[in-house]
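The values are calculated or read from the model by the stated rules, or taken from the named source; none is laboratory data. In this text, all values refer to a predicted model and were calculated from it rather than measured experimentally. Using ideal geometry, Cβ is built from the backbone for each residue, glycine included, and neighbour counts are taken over all protein chains shown. Each accessible area value is taken on the protein alone, full model and side chains, heavy atoms only, with ligands, DNA and RNA left out. Shrake-Rupley method; radii C 1.70, N 1.55, O 1.52, S 1.80 Å.
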Amino acid sequence: MTAADADADDISDVLHRVLDMAMRFKLQPDIFRERLPPERIRDMLVVDLPREASSLGALLESFEKTILPLCKNEASPRFLGFGDTGDDPASLVGGVLGLFTQQNLINQSFDAPSATFVEIAVLRWLRDLVGYDNPAVADIHTVWDAGGVITHGGTTSNATAMMLAREHKAPGTMHEGVRNPGDFRVIVPREIGHYSIKSALNWIGVGDQAIEVDTHGFRYDLAALERAVHDNRGRIMAVIAYAGDSRTQTVEHLRRVRDIVRALDSRIWLHVDACWGLVAAFSNQLCHLLDGVTEFDSVTVDPHKVMAVPYSLSALLVREPASLRAVSSYSDLIMQEDYAFGQVTPFIGTKGWLSLKLWMMMLSHGRTGLAALAEQRVDKARRFAALLDEHPRLMRLHDPELAAVAFVYLPSDICPVPPLPDEQIARINAVNQRLHDRILADGTWHLHQFTLPDDHARLRAGATLYPLRFMANNPRTTDTHMADVIDYITTLGGNLEGDIR
Ligand SMILES: Cc1ncc(COP(=O)(O)O)c(C=O)c1O
């Protein structure tokens, strides 16, 4: 049976039930309604396909009873972790319509007659926000005038940027293959870069060509950057700067990085990963953080990280729109038309109407609403930082620039006067790792954990720490929640620390 031969009223009833169930899920206060070990979930769900058909009603009932309670709800006010909430009303509406309309952004004429131009409009709005120039609308004659591509995530956008860098360094490599892998080196900041760049270098066939440069305060040590560019002159294809690194969301001094690199080599491709930093572009109070971004050749932005847009949605924007020609594909089967996005999206063929979510979201907020969203998040992060500073057992590891605040719980026997010896760093890490395990197992709150160099020397310069991280992206998280999570962490830490030596 398909939607076409079912009774429209029946389908409509089921869909109303689905939307009610989905809204109840988003609005539930809990992150998880139920937690089970992975093997229990595996054994419950990985089963053979039954011979007999099931009714939609029965399927929905079983989904709601067995699967949904185990799903994570990022819109819970106690979800303070990775990513965004995915619950912007307009973008949810766009997501649903994107599913129903079943447009395929691979082609324009018969696959996505209007969707293609919605996608172009969204790309131009994003370009406008970061400060790239847009051609006049009447001058958009092909997809190579759009100035970017919508992809499924920051990883794909970064990988496309690395292909552009490779073609810029050695035009034609896409067709002829990589000749001298050592000529495709890429500079990244040590220990704070996102793995997607190194993975992209592997995927595009240049191998392990990342050169890690020391950082200071979660930004490049500029003298070390200059040395690295100088020492590898002629063999570097790209320098990567983070406008909001994955851990602390510190924004690089983009203009200074650009000036140093350009003074030594005008051919190096400059790429900004602004998956998190896009949010600074929304507000006149924050956009100074991105000063210099328009001098970079490409920028990755991730609306699914910072605009409450449901997964997934990313964009790669390029300073010179025509530069995307270097990684284009041609096929006589499909895509022989000027506005076919399938020509300019490496790795992606069929692509759903992802951009509709963002189109709806941006129109429903307008520039003023986007500015308010950014400022509220940054303000909330600062209020959380102030709460941490009042607590003797909590230490934050950086000044928040965007929405992230990384901090550690300090066991009561440790006096945090740097530099701490190895055994005290190890104890702090062990307690914080145990704390995080317990937080995840409880499932009442969610905070992220990762390794982080102590780049501000709060405990000891160069030490690797295992902090907890608060994220201020969730509009449902109030000041009371912030005070509550601090109580929860310090009580749990106090109970655990005696067990860990
Ligand atoms: C800075 C940065 N770049 C790229 C990515 C990859 O994004 P995605 O998971 O959307 O592919 C992430 C993900 O966390 C990130 O933090």
(message) Going residue by residue through the range 227-246, is there one that turns out to be open to solvent by less than 60 Å² (accessible area, probe 1.4 Å) and assigned to a helix (DSSP H, G or I)?
(response) yes
(request) Return the only residue of SER323, SER331, SER364 being part of a helix (DSSP H, G or I), farther than 25 Å from ALA241 by Cβ and hydroxyl-bearing (Ser, Thr, Tyr). (result) SER364
(request) Quick one: count up the residues across the range 121-160 that are touching an Asp or Glu at 6+ places or on another chain (Cβ under 9 Å), touching a residue at least 40 places away in the same chain (Cβ under 8 Å) and away from the ligand (no atom under 16 Å from the Cβ). (result) 9
(request) Could you check the range 37-113 for helices (runs of 4 or more DSSP H) lying wholly inside it with 2 or more residues that are farther than 30 Å from MET360 by Cα? (result) 38-45, 56-62
(request) Please tell me if LEU492 is among the aliphatic types (A, V, I, L, M) and either farther than 23 Å from THR248 by Cβ or outside any loop (DSSP other than H, G, I, E, B) (or both). (result) yes
(request) Would you be able to tell me the number of residues in the range 176-197 that are buried (at least 17 other Cβ atoms within 10 Å of the Cβ) and within 25 Å of the chain's Cα centre (by Cα)? (result) 10
(message) Take the residues in the range 104-132 that are surrounded by 13 or more Cβ atoms within 10 Å (Cβ to Cβ) and over 25 Å from the mean Cα position of the chain (by Cα); name whichever of them is nearest to LEU356 (Cα to Cα).
(response) ALA112
(request) Just give me the residues in the range 327-360 being among the aliphatic types (A, V, I, L, M) and surrounded by fewer than 17 Cβ atoms within 10 Å (Cβ to Cβ), in sequence order. (result) LEU333, ILE334
(request) Just give me the residues in the range 294-320 being of a type outside the set (S, T, N, Q) and either in a loop (DSSP other than H, G, I, E, B) or without any contact (Cβ under 8 Å) to a residue 24 or more places away in the chain (or both), in sequence order. (result) PHE296, ASP297, ASP302, MET307, ALA308, VAL309, PRO310, TYR311, LEU313, ARG319, GLU320
(message) Going by what's in this entry, would ASP302 be described as within 16 Å of the ligand (Cβ to nearest atom), touching a strand residue (DSSP E or B) at 6+ places or on another chain (Cβ under 8 Å) and not basic (Lys, Arg)?
(response) yes
(message) Just checking, does the range 435-456 include any residue being surrounded by fewer than 20 Cβ atoms within 10 Å (Cβ to Cβ) and more than 26 Å from the chain's Cα centre (by Cα)?
(response) no
(request) Spot the failing condition for ARG393; the list is (1) over 22 Å from the mean Cα position of the chain (by Cα); (2) open to solvent by less than 10 Å² (accessible area, probe 1.4 Å), and only one is missed. (result) (2)
(request) Scan the range 133-168 residue by residue and report those that are farther than 30 Å from PRO181 by Cα and open to solvent by less than 10 Å² (accessible area, probe 1.4 Å). (result) VAL143, ALA146
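The rows are residues; the columns are (1) closer than 30 Å to LEU363 by Cα; (2) more than 14 Å from the ligand (Cβ to nearest atom).
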position: ASN202; (1), (2): no, yes
position: ASP214; (1), (2): no, yes
position: ASP221; (1), (2): no, yes
position: VAL229; (1), (2): no, yes
position: GLY234; (1), (2): no, yes
position: ALA238; (1), (2): no, yes
position: ARG258; (1), (2): no, yes
position: ALA274; (1), (2): yes, no
position: LEU289; (1), (2): yes, yes
(message) Could you check the range 5-31 and list, in sequence order, the residues that are part of a helix (DSSP H, G or I), more than 22 Å from SER91 (Cβ to Cβ) and open to solvent by less than 80 Å² (accessible area, probe 1.4 Å)?
(response) ALA8, ILE11, SER12, VAL14
(message) Return the residues of the range 32-57 that are loosely packed, with under 11 Cβ neighbours inside 10 Å and of a type in the set (Ser, Thr, Tyr); say none if nothing qualifies.
(response) SER55
